[in-house]
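*Asks:* Provided herewith is a single structure, encoded as C-alpha cells, for subsequent inquiry.
The values are calculated or read from the model by the stated rules, or taken from the named source; none is laboratory data. Treat the numbers as computed from the prediction; the structure is a model and nothing was measured. With ideal geometry, Cβ positions are generated from the backbone for all residues, glycine too; neighbour counts draw on all protein chains shown. These accessible areas exclude ligands, DNA and RNA; they are computed on the full protein's heavy atoms, side chains included. Shrake-Rupley method; radii C 1.70, N 1.55, O 1.52, S 1.80 Å.
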Amino acid sequence: MLTHLHIKNFKAWKDTGPIRLAPLTVLFGANSAGKSSLGHLLLTLQQTARSTDRRRALHLGDASSLIDLGTFTDCLHGHDLQQALFFELGWVLPKVLDVRDPLQAESRYQGDHMRLNVTLSANKAQQPEVQALRYAMASGDKEVLDVALDRDEKRKLHLKSIHYGFKMADGRKWPLEEPEKFYRLSDTSMARYKNAGFLADFALATEGMLERISYLGPLRSHPQRIYQWSGDTPASVGQMGEYAVAAILAAQGEGRRLNRQVGGHTKGFAEFIAAWLKDLGVIHDFAVRPVAQGRKEYEVLVKTHAKAPEVKITDVGFGISQVLPALVQAFYCPPHSTVWMEQPEIHLHPQVQAELADVFISATQAREGGKPRDVQLIVESHSEHFLNRLQRRVAEGVVKPEDVAVYFCRRTGSATELEPLRLNMFGEIENWPEHFFGDEMADIAGRTLAAMQRKKIIKQQGGAQ
C-alpha cells in the first residue's frame, strides 16, 4: 500500500507538497485541475518498470501503452527543460525485508516501509536522465538503511549511504554505469562493490509495488449481450472495465471467497459481487452463466426486482454496467494492491453514489482466506453524495479518520495546489474550501432574487389589468 507521494514539476504541478495516502484516499476538484496527472505519473512508472528497455529512464508511452504522456518536454511543468522532474514514493512492504552485510555478520537491517525519491533531468537529446535517486528503508517510523546515487559536477555517479558502509571490489576502480530505468543499479555497477547485492532486493520491492497498482478510467465499456471467456485470469478489469466479467469468472473458478469485514459472512466471489449490487439498489439479482454447456460464451443476467424476469445486462439501465467494473476491481485485485479509479460514480443515481462509499470502505476492510486484504483505493470524484456518506461513516466509527484522506485540487494561475481537508472523528471537515462543490449559496440567492422579481412583475401586470 502506498503511504506517501510528493511530485515536483510534473504537468500542472509545480509542487504537490507531501501527500499522505490512506487506505481510502479521495481527490476532489474542478475539471482540468490536475487530479488525473497524479495517477498518470504512477502509471508511467509502472509501464517503465514493465518495459524491456532497461536503458530508458522513463517510458512516457506510445500508441500501444496504457498511458502516453508525449515528450519529456510535455511532462514538465511549464514545458521548461531547465526544470527537473522530482517524485518521491513511500509504501508498506508486504513482508519485512531483511538485509545483511556479507562483510559484517553482525550488521543486519530489517524494515517494513520503503521510500524512493528520484530526480530526472533532460539530457542533450532532451530525454529524461536520472540525476539522483535515493532509497530509504524504515522500521515503523525509524529509518534503518539508506542508499543514494547521485552525480558530481563532472556527471560522474557516486553511491553513498549514511547507515551502510559500501566496500569497493578489488582491482581497478571502474566508474558506475548509468542506472537501469529510474530505480535500479545495473548488475555491473553492483559488482563494483563486495556488498551491494541487496540493492537488487530494493529494485524488486519497487517493481512489486508498481505491479500492484491498477487503474480504472472514467470511460467504461458498453455492456455486451455475450461475453467470451476461455479460462484466462486477467490481471485487472482493464482501464475501461472490459475484463470485468472475465475477472468474475476467473475468481469464481479459483474458488475465491471473501467477507466484508472481520466476522462477516463469507461468500463466493460472484455471490459477493451480486450482494453488493443488490445493496446498492441497482438490481435485485445478478448471475453470469454460460449460454450452453461446454461453451466459452457467457451472458450476464439480472433481475431488477423480485418478481421481474431475468434479462440480459444490455436490457437494463446503463448504470449497472458502469458500476460493475468498479465493484469487481475493488475486490478482485490481489492483496496489498492500490487501485486508482476515476469517477466511479459516473452514470449513477445520487443515492447509489452515496452507497458506493460503503463499498469502498468495505474494500479496504475486506478479508479473504481469513486474512486482511489490505487493499488501498485512490478515488477521483465529483460526488458530494459520496463525500457525505464517507463523513457519516467516520462519525459513526465505521472507518477511522486516519484511514481516510481527502484532498481538494484547485488551480492557482499556471499551477495547481493540493489542499488536504482535515476530517475529524465526528466526520466534520474543519477547513471546508470555498466553492468546493460550486457556489451553492450563489445559486440559492440568485433563484430567490429571480423569483421575487418575477412575482413583482406578475403582480404589476395583474394590477394594470
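*Asks:* Longer than 28 Å from Cα to Cα, which of LYS35/LYS181; LYS8/LYS167; LYS142/LYS194; LYS8/LYS160; LYS95/LYS142; LYS11/LYS400 are they? Say none if no pair is.
*Replies:* Pairs exceeding the cut-off: LYS8/LYS167; LYS11/LYS400.
*Asks:* May I pose another question? Given 0.36 nm per residue, what is the gain on full extension from ASP374 to GLU178 after removing their alpha carbon distance, in nm?
*Replies:* Gain on extension, ASP374 to GLU178, equals 67.0 nm.
*Asks:* Also, I was wondering about something else. Using a ≥ b ≥ c from the Cα gyration tensor of the stretch 346-416 (square roots of the eigenvalues), is it rounded, prolate or oblate, where a/c under 1.5 gives rounded and otherwise the larger of a/b and b/c decides, a/b for prolate?
*Replies:* prolate
*Asks:* State the percentage of accessible surface on the stretch 208-274 attributable to carbon and sulfur atoms; use a 1.4 Å probe and exclude ligands, DNA and RNA.
*Replies:* That share works out to 51 percent.
*Asks:* Right, next: Tally Lys and Arg at +1 and Asp and Glu at -1 over the other residues with C-beta under 13 Å from the C-beta of LEU145: what net charge comes out?
*Replies:* 0
*Asks:* Take each of the peptides 289-300, 381-392, 12-23, average the number of other beta-carbon atoms within 10 Å over its residues, and list them starting from the highest.
*Replies:* Sorting 289-300, 381-392, 12-23 by mean packing, highest first, produces 381-392, 12-23, 289-300.
*Asks:* Would you please put 342-352, 404-414 in order of how densely packed they are, using the mean number of other Cβ atoms within 10 angstrom per residue and starting with the highest?
*Replies:* 342-352, 404-414
*Asks:* Please turn the phi angles of the stretch 216-230 into ³J(HN,Hα) values with the Karplus equation 6.51 cos²θ - 1.76 cosθ + 1.60 (θ = phi - 60°), one per residue in order, whole Hz, x for glycine and proline.
*Replies:* 10, x, x, 9, 10, 5, 6, x, 10, 6, 9, 10, 9, 8, 10
*Asks:* If you don't mind, there's one more thing I want to ask. Enter the mean projected area of the convex hull around the alpha-carbon atoms of the stretch 1-113, in nm², rounded to one decimal.
*Replies:* With every direction weighted equally, the projected area is 10.1 nm².
*Asks:* Heavy-atom accessible area per residue, the chain, 1.4 Å probe: how many Å²?
*Replies:* Roughly 48 Å² per residue, with all protein chains present.
*Asks:* Here is a further query. Under the rule of at least 5 residues apart or a separate chain, name every residue whose amide H is placed under 5 Å from the amide H of LYS14.
*Replies:* ASN9, THR416
*Asks:* If each residue of separation counts as 0.36 nm, what is the full-extension length gain between ARG454 and LYS167 once their alpha-carbon separation is subtracted?
*Replies:* 94.8 nm
*Asks:* Of all accessible surface on the stretch 291-383 at a 1.4 Å probe, what whole percent is carbon and sulfur?
*Replies:* It is 51 percent, rounded to a whole number.
*Asks:* Run the dipole for the chain about the Cα centre, Lys and Arg Cβ at +1, Asp and Glu Cβ at -1, nothing else charged, and hand back the magnitude in debye, nearest 20.
*Replies:* The calculation lands at about 200 debye.
*Asks:* Sticking with this one: Over the Cα atoms of the stretch 124-182, compute the convex hull volume and normalise it per residue, giving Å³.
*Replies:* Spread over its residues, the Cα hull of the stretch 124-182 gives 127 Å³ apiece.
*Asks:* Taking just the C-alpha trace of the chain, give me its Rg and Dmax in Å.
*Replies:* 25.8, 109
*Asks:* Could you give me D for the stretch 242-358, from Stokes-Einstein at 4 °C and 1.567 mPa s, where the hydrodynamic radius is the Kirkwood radius over C-alpha pairs? Units µm² s⁻¹, please.
*Replies:* 86 µm²/s
*Asks:* Once amide H atoms are built 1.01 Å from N in the peptide plane, which residues 5 or more positions from TYR193, or in another chain, come under 5 Å H to H?
*Replies:* ALA169
*Asks:* If you place +1 on the Cβ of every Lys and Arg and -1 on the Cβ of every Asp and Glu, how big does the dipole about the Cα centre of the stretch 196-328 come out, in debye to the nearest 20?
*Replies:* 480 debye
*Asks:* Between the stretch 182-260 and the stretch 327-349, what is the separation of their alpha carbon centroids in Å?
*Replies:* So the two Cα centres are separated by 14 Å.
*Asks:* Say the dipole of the stretch 100-151 comes from +1 at the beta carbon of Lys and Arg and -1 at that of Asp and Glu; which of TYR109, VAL130, VAL144 then lies farthest toward its positive end?
*Replies:* So the residue furthest toward the plus end is VAL130.
*Asks:* So what is the 222 nm mean residue ellipticity for the chain from helices alone, if each DSSP H run of at least 4 adds -39500 (n - 2.57) and you divide by all residues, rounding to the nearest 500 deg cm²/dmol?
*Replies:* -8500 deg cm²/dmol
*Asks:* A further question follows. Collect residues whose amide H, placed 1.01 Å from N in the peptide plane, falls under 5 Å from the amide H of SER51; neighbours closer than 5 in sequence don't count.
*Replies:* For SER51, no residues qualify.
*Asks:* Also, quick follow-up: Using +1 on the beta carbon of Lys and Arg, -1 on that of Asp and Glu, and nothing else charged, what's the dipole of the stretch 1-153 about the Cα centre, debye to 20?
*Replies:* 320 debye
*Asks:* Once neighbouring chains are kept in place and the probe is 1.4 Å, which whole percent of the accessible area of the stretch 1-91 is contributed by carbon and sulfur?
*Replies:* Here it works out to 47 percent.
*Asks:* If the chain between ASP74 and ARG20 were fully stretched, how many nm would it gain, using 0.36 nm times the residue separation less the Cα-Cα distance?
*Replies:* Contour length minus Cα-Cα distance gives 16.8 nm.
*Asks:* Still on this structure, I have one more. Taking the Cβ of PRO234 as the center, what net charge do the other residues with Cβ under 13 Å away carry, scoring Lys and Arg +1 and Asp and Glu -1?
*Replies:* Result for the neighbourhood of PRO234: -3.
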